[in-house]
1. Could you say which residue among Leu74, Leu85 is open to solvent by 50 Å² or more (accessible area, probe 1.4 Å) and either within 30 Å of Lys102 (Cβ to Cβ) or under 14 Å from the mean Cα position of the chain (by Cα) (or both)?
2. Working only within region 2-46, note down all residues that are without any contact (Cβ under 8 Å) to a residue 40 or more places away in the chain and aliphatic (A, V, I, L, M).
3. Looking at Arg49, is it in a helix (DSSP H, G or I), under 27 Å from Glu11 (Cβ atoms) and either in contact (Cβ under 8 Å) with a residue 24 or more places away in the chain or open to solvent by 90 Å² or more (accessible area, probe 1.4 Å) (or both)?
Amino acid sequence: MKNDETYSISELASHFGITTRTIRYYEEIGLLKPMRSDTGQRIFSKKERIRLQLVFRGKKYGFSLDEIREMIQLFDRDPSGKKQLKKTIEYGQKKVGEVSDKIDDLMMLRTEMESLIADFQTKLTKLEGEVE
């Protein structure tokens, strides 16, 4: 990456291991707003690189692109960060609930599978005893 804190689309794509099409899509839906050179080439600032990092962090935690966009845009409207933090906490609590529900479902599935395996083992043992 360059030292002057601006990046081309290909530099960002390479840095994050994504395609330039992904970056153009994020621009299209309002997640990124790069500057343009006199020739129309996209110029991404450090702020845009950080936004892209936030997008990937949000995706890692299961936030939708709409939720991520809302959280990012809140900071633009309220530089104190209070509204962004409140919204992030709200969405985060919702995600924790969803993750907890998934964990509960998976634990129930595991219990059911362990029960089935035990039943199958009992049947197999019985069948093996009959054959001998």
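1. Of Leu74, Leu85, the one residue that is open to solvent by 50 Å² or more (accessible area, probe 1.4 Å) and either within 30 Å of Lys102 (Cβ to Cβ) or under 14 Å from the mean Cα position of the chain (by Cα) (or both) is Leu85.
2. Answer for region 2-46, where residues must be without any contact (Cβ under 8 Å) to a residue 40 or more places away in the chain and aliphatic (A, V, I, L, M): Ile9, Ala13, Ile18, Ile23, Leu32, Met35, Ile43.
3. Against the criterion (in a helix (DSSP H, G or I), under 27 Å from Glu11 (Cβ atoms) and either in contact (Cβ under 8 Å) with a residue 24 or more places away in the chain or open to solvent by 90 Å² or more (accessible area, probe 1.4 Å) (or both)), Arg49 qualifies.
This table checks each residue for (1) within 30 Å of Lys47 (Cα to Cα); (2) touching a residue at least 40 places away in the same chain (Cβ under 8 Å); (3) of a type in the set (Val, Ile, Thr).
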{"site": "Glu67", "(1), (2), (3)": "yes, no, no"}
{"site": "Gln73", "(1), (2), (3)": "yes, yes, no"}
{"site": "Gln84", "(1), (2), (3)": "yes, no, no"}
{"site": "Ile89", "(1), (2), (3)": "yes, no, yes"}
{"site": "Val96", "(1), (2), (3)": "yes, no, yes"}
{"site": "Leu106", "(1), (2), (3)": "no, no, no"}
{"site": "Glu112", "(1), (2), (3)": "no, no, no"}
{"site": "Leu127", "(1), (2), (3)": "no, no, no"}
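The values are calculated or read from the model by the stated rules, or taken from the named source; none is laboratory data. This is a predicted model, so every value here is computed, not measured. Methodologically, a virtual Cβ is constructed for each residue, glycine included, from the backbone with ideal geometry; neighbour enumeration extends over all protein chains shown. Each accessible area value is taken on the protein alone, full model and side chains, heavy atoms only, with ligands, DNA and RNA left out. Shrake-Rupley method; radii C 1.70, N 1.55, O 1.52, S 1.80 Å.
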